Every structure is written in structure tokens, then in C-alpha cells.
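One structure is given here, and the rest of the page talks about it.
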Amino acid sequence: MRTEFRKAILPDEIRSLMAFDRKIFPRSDLFDVTAWKTCESYWMVVDGVKVGCCAFEKHVDFREDISEEGVNRSRKGSLYISSTGILPKFQGQGFGALLKSWEISYARYYGFTRMVTNTRKQNLPIIRLNRRFGFRVVRTTPRYYSGPTDSTVVMELLLQDRRRSARAV
Ligand SMILES: CC(C)(COP(=O)(O)OP(=O)(O)OC[C@H]1O[C@@H](n2cnc3c(N)ncnc32)[C@H](O)[C@@H]1OP(=O)(O)O)[C@@H](O)C(=O)NCCC(=O)NCCS
């Protein structure tokens, strides 16, 4: 089984990203063109087939839920994971864990010291998956989502700079 992670080409692949998103997320949670343009997105391709996709915003803290203007804030060293998804027909086979693991490696490789993500409170699969990889809940904000109404759970993972600590030893 050959697995690769490939950066989505913008703007050429925005339609593909949106079509992929529609197969995974409820209608109310879909990203629009502007949201995809804001992110850096990666496909997870298994034996030539797009199985999963994730999206990042670099040096960003997720604050939309608590800021009065409903916007995120820049924060050096913080990688915001705005989307992680595996096509339904490939779920439950460990691909979500593989993608999450790659996201964390990506963050470490590029020297991020923190990862932040958010999800529906009802979304136990991703909350469990994030917890398994060491993410902890930092807050739960009510009525963030509509269709259906739900809270957003904000989770973070603090990353040690292993290269620096190795040098310090
Ligand atoms: C969350 C998601 C990425 C997990 O992908 P997956 O390929 O099914 O996950 P895996 O097979 O690697 O399972 C990893 C872990 O996910 C969790 N999980 C997966 N399916 C689950 C389910 N139906 N119920 C509870 N936990 C579940 C478990 O912690 C599981 O670990 P376990 O096998 O030890 O129980 C996938 O369900 C998905 O794409 N969901 C829709 C999109 C979404 O909601 N994304 C998150 C918000 S951005």
C-alpha cells in the first residue's frame, strides 16, 4: 500500500477540495472558496486514490468562537488544523490516525510549537482521535455551529522543540 501526502494546488484544485468536502461533512460545515483559499491543504493519497484531506492555517490561533469580530488571530508557532477528513468508505481502517499522525509530524518538521483545532461537541470520533494523540480540550463554546446547533470543542497539542532540547542536553 503506497501512501503519499500531496499539497493541493490552488486555485486549480479548489473544486476538487469542495467536492471531496461534500462527501464528508454536513452541508452547514462546508468550506466556501474563500476558506479554501485561506488554507494550505493536503491530500492523503493511497495507491493513487484520494482517501483523506486536511487543511492548515499557519501561525494562527483559533479564536473565531470567542472574538467579537468572529475572526482568528495570528500567533507565531501555532498551527491551526481547520479540517481533517477521511472519505466515509475508507473510515474505520486507521486512515484517520495515519492522517493525524502526519499532521503532527508536519507541525514538528516545520518547527511549530503548538497545534490547535476545533470540532463539533457531538463529533466523538475526532475528539477521541485527537485525545489519543495527546490533544487536550481548552474550551467548549456553545452554539458555534448551526444545522444542527452544536458547541465547538477547541483542542490543543503543545509540541516540545525536541531539536532545541536535544542541543541543550
Ligand atoms: C474523524 C475521522 C477523521 C476518523 O477517521 P477514521 O479513518 O475513521 O479513523 P481511524 O479508523 O483511524 O480511527 C481512529 C480513531 O478514531 C476514533 N473513531 C473512529 N471512528 C469512530 C467512531 N465511529 N466512534 C468513536 N470513535 C471513532 C477512535 O478513537 C479511533 O481509535 P480506535 O480505533 O482505537 O477506536 C473520520 O471519522 C472523518 O473523516 N469524519 C468526518 C469528518 C470530520 O468530522 N472531521 C473532524 C472535524 S474537522
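Magnitude of the charge dipole for the chain, about its Cα centre and with charges confined to Cβ atoms of Lys, Arg (+1) and Asp, Glu (-1), is about 660 debye.
With contacts taken as Cα pairs under 8 Å and at least 6 residues apart, region 1-63 reaches a relative contact order of 39 percent. Lys-Lys pairs in region 3-168 that are eight or more residues apart or on separate chains and whose Cα atoms lie under 22 Å of each other come to 22. Every Cα-Cα pair in region 3-168 was counted, and those over 20 Å apart are 52% of them. Summary value for the chain: 17 percent relative contact order, contacts being C-alpha pairs under 8 angstrom separated by 6+ residues.
Surface analysis of region 3-168 yields an accessible area of 57 Å² per residue, using protein heavy atoms and a 1.4 Å probe. The share of accessible area on region 1-149 that comes from carbon and sulfur is 49 percent, using a 1.4 angstrom probe.
Among the GluC sites (Glu not before Pro) in region 53-141, those located in a DSSP loop and surrounded by at most 12 other Cβ atoms within 10 Å of their own Cβ are Glu68, Glu69.
Summarising the label geometry, the points placed 7 Å from Cα in the beta-carbon direction at Arg136 and Gln91 lie 2.9 nm from one another.
Every helix of 4 or more DSSP H residues in the chain counts as -39500 (n - 2.57), and over all residues that averages to -8000 deg cm²/dmol at 222 nm.
Tell me, in nm to one decimal, what length is gained between Lys50 and Val71 on full extension, where the rule is 0.36 nm per residue of separation less the Cα-Cα distance?
On the way: separation 21, 0.36 × 21 = 7.56 nm, distance 3.07 nm.
Between Lys50 and Val71, full extension yields an extra 4.5 nm.
The values are calculated or read from the model by the stated rules, or taken from the named source; none is laboratory data. What you see is a predicted model; the values in this text were computed from it and never measured. Reconstructed Cβ throughout: ideal geometry from the backbone, glycine too, with neighbour counts over all protein chains shown. Remember, those area values only see protein heavy atoms, side chains included, never the ligands or the DNA or RNA. Shrake-Rupley method; radii C 1.70, N 1.55, O 1.52, S 1.80 Å.
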